[in-house]
């Protein structure tokens, strides 16, 4: 039986944490590669939540992995004193280097930039979002041991509510994400213009179990990894890169 290598995030990602500032700009593919696991884990939200305690404003980060190298979607929601919230959406599809010179030859990072939109949520809309999130299982404890392969389809959510950090994840089952009841709400408020990449049942050649002779699976090794849920976050990387 093949040995599975599990690496803990604490050791592997020392010095590679996402802090939500220009030093950790996800537009830069090199920076994204080394901060992505911390970003998924919500480590910056966890730290801010602990520092502010009960006075911390409610904040949520939801990330959709529609096969890592083909589509990523990020939704960040921050509660406002009015009872509403601000929603920032970022999406990215397959990098298209052919459009580099057409789009903006002066922007060296143009092929990797995220599409972005913002929206203001009314108190009623914020309540609707929160209800859908809770009905999806958020706040009921993270699914321990759930493995999330980069080439699969899944949602990850981290958030801070009344000074308490919480985490959850949903992996597609039989090509469906029915448990992610917040998905339609987020897509309705997404103005980035990138169509949603629907999950499907992966053929064996796309699955994490597929390893042709020589140990390689034909995908870019820098985007071939599996993370595992542990505690209230991501606790390890399996067969990373």
Could you figure out which of (1) at pLDDT 95 or above; (2) crowded, with 19+ Cβ neighbours inside 10 Å isn't true of residue 39? (1)
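Matching residues to (1) within 28 Å of residue 51 (Cβ to Cβ); (2) without any contact (Cβ under 8 Å) to a residue 40 or more places away in the chain; (3) within 16 Å of the chain's Cα centre (by Cα):
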position: 121; (1), (2), (3): yes, no, no
position: 124; (1), (2), (3): no, yes, no
position: 128; (1), (2), (3): no, no, no
position: 144; (1), (2), (3): yes, no, no
position: 151; (1), (2), (3): no, no, yes
position: 155; (1), (2), (3): yes, no, yes
All but one of (1) part of a loop (DSSP other than H, G, I, E, B); (2) closer than 19 Å to residue 66 by Cβ hold for residue 157; which doesn't? (1)
State whether the residues of segment 127-142 include one that is at pLDDT 95 or above and closer than 17 Å to residue 236 by Cβ. yes
Go through segment 145-178 residue by residue and tally those that are in contact with a helix residue (DSSP H, G or I) (Cβ under 9 Å, 6 or more places away or on another chain), over 16 Å from residue 228 (Cβ atoms) and surrounded by fewer than 21 Cβ atoms within 10 Å (Cβ to Cβ). 6
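The values are calculated or read from the model by the stated rules, or taken from the named source; none is laboratory data. All values reported here derive from a predicted model rather than from experimental measurement. Here the Cβ is made from the backbone with ideal geometry for all residues, glycine too, and neighbour counts use every protein chain on show.
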